[in-house]
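In what follows, a structure is listed as structure tokens, so that the remarks can point back to it.
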Amino acid sequence: MSQGKFTINIEDRSLLGKTSKRLPVDKMAAVYYGRKEKATPIVISKSEFKKLFRDAGESSVVTLEGNGKKIEALIHDVDFDPILSEPRHADFYVLEKGRKVEVGVPLHFEGESPAVKTLGGILVKVMHQLEIEAEAKDLPQAIVVDLSQLTTLDSQITVGDIKLPAGVKAVEDATEVIAAISTAKEEVEAPVAVDLSAIEVEKKGKKEEEAEAEAK
């Protein structure tokens with residue numbers, strides 16, 4: 001899946017106050033920085049960011065636009081309010097042209113496994129994102145995994161089986177399993193029958209022993 005175009009407007013934080021507590025209700029504090037870019041505090045729209053984070057995630061290139069600049073970056077970290085679950089601060093990592101970055105890209109499962117449909121197998125998704133290395137211009141928004149490859153009960157899809165876009169390299173070992181078919185079924189043990197006669201005999205025997213002891 002190719003990258004979409006994601007943009008968010010930024011403002012100089014110094015124009016609206018130094019702390020997030022002094023920001024308007026729909027504004028939130030953020031910062032962008034990079035290997036050759038100094039940390040710069042900014043302010044963004046909270047509602048815009050929530051939509052951006054939902055659509056772009058942490059693996060899509062985002063353009064920070066404002067203050068006469070257009071900066072390509074990745075959403076690097078987001079701090080959420082523990083009670084309201086609302087974002088209250090975001091870190092953007094600025095990308096360098098021509099320099100590769102490592103990011104985790106979501107896996108998008110498509111198709112239907114014949115082993116599940118006709119053989120009664122159980123689909124097991126081992127991985128849900130793949131660590132890749134690529135230049136910013138080549139970063140995919142998601143990587144497609146074709147489940148129709150799982151045709152038998154011992155089928156599996158490994159990292160090496162995935163067709164990656166041009167310019168993209170997997171960081172994980174090619175033998176790492178992404179998805180597989182399982183035939184395991186939960187076994188329920190039958191309850192053990194209780195021998196009541198044995199219990200009665202045991203109780204009776206104890207009473208006789210106690211009576212004999214008293215008689216002595």
Query - Modelled FRET efficiency - R0 22 Å, Lys97 with Val31, Cβ distances, 0.05 increments - result: 0.55
Query - Selection from Pro140, Ile162, His128, by position along the positive dipole direction of region 124-178 (Cβ) - result: Pro140
Query raised in the report: If the limit is 23 Å between Cα atoms, which of Lys36/Lys137; Lys27/Lys69; Lys36/Lys69; Lys70/Lys169; Lys70/Lys97 go over it?
Result: Lys70/Lys169
Query raised in the report: Taking the simple approach of a point 7 Å from Cα along Cα-to-Cβ for both Asp154 and Arg22, what is their distance in nm?
Result: 6.9 nm
Query raised in the report: Of Pro106, Leu64, Val78, whose Cα points farthest to the positive end of the dipole of region 16-116 (charges on the beta-carbon: +1 Lys, Arg; -1 Asp, Glu; origin at the Cα centre)?
Result: Leu64
Query raised in the report: Once fully extended, how much extra length lies between Ser182 and Asp77, figured as 0.36 nm per residue of separation less the alpha-carbon to alpha-carbon distance?
Result: 34.2 nm
Report task. Pull out the extension gain between His128 and Val144, defined as 0.36 nm times the separation in residues minus the alpha carbon to alpha carbon distance; nm, one decimal. Result -> 4.7 nm
**Report entry** Mean Cβ count within 10 Å, highest first, over the residues of peptides 41-52, 158-169, 122-133
**Finding:** 41-52, 122-133, 158-169
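Laboratory data are not the source of any read-out in this text; all were calculated from the coordinates shown. What you see is a predicted model, and the numbers here were worked out from it, not measured in a lab. Counting neighbours? That spans all protein chains shown, and the Cβs are built from the backbone with ideal geometry, glycine included.
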